[in-house]
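The structure appears right after this line, and notes come after that.
Bear in mind that the values in this text are calculations on the coordinates, not laboratory data. In this text, all values refer to a predicted model and were calculated from it rather than measured experimentally. Positions of Cβ are generated from backbone atoms using ideal geometry, with glycine treated the same way; all protein chains shown enter the neighbour counts.
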Amino acid sequence: MNIILISHGEFAKSLLETAEMILGKIENAQSVCLYPHEGSDDFKQKFELALSHTSGKTVVLCDIMGGTPCNVAMHYLDRTSLYSGMNLPMVISLVSEGSCDELIETARQQIYDVALQLRQLQQEDDE
């Protein structure tokens with residue numbers, strides 16, 4: 001499986017670097033970033049270059065639905081799977097499990113109100 005992370009700014013690049021800090025080198029993974037001075041045509045060229053380095057199943061994670069990176073990637077749904085709202089748990093899950101089956105649910109399960117979680121733990125300890 002190939003993984004392409006796409007985003008505004010260097011979020012995709014930094015997210016990939018962070019995932020590799022935790023998991024080690026991630027084979028067949030790359031990032032494509034849209035910079036302020038670039039337009040959709042510039043991003044399209046970079047995205048197509050990234051796609052040219054893939055073969056087989058390619059999963060694309062993007063930062064936000066409706067942004068330029070996502071809008072460009074939507075034109076390639078015939079050969080990719082595209083998910084928006086990428087975050088570190090999504091990347092780790094995708095790499096660790098090797099499939100998209102639980103990707104969205106895994107991401108949802110990683111959203112916590114930390115203060116609430118701590119209060120609940122404290123209540124459990126008090127009982």
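Here is how the numbers come out for the structure above:
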| item | result |
| --- | --- |
| Among the candidates Leu94, Leu103, residue that is touching a residue at least 12 places away in the same chain (Cβ under 8 Å) and touching a Phe, Trp or Tyr at 6+ places or on another chain (Cβ under 7 Å) | Leu103 |
| Qualifying position, being surrounded by 14 or more Cβ atoms within 10 Å (Cβ to Cβ), part of a strand (DSSP E or B) and of a type outside the set (Ser, Thr, Tyr), among Leu16, Leu82, Leu51 | Leu82 |
| Selected residue [outside any helix (DSSP H, G or I), over 15 Å from the mean Cα position of the chain (by Cα) and of a type outside the set (Val, Ile, Thr)] from Lys25, Lys44 | Lys25 |
| Scan of the stretch 54-73 for residues that are out of contact with any Phe, Trp or Tyr (no Cβ under 9 Å at 6 or more places or on another chain), surrounded by 15 or more Cβ atoms within 10 Å (Cβ to Cβ) and more than 14 Å from Cys33 (Cα to Cα), ordered by number | Thr54, Lys57 |
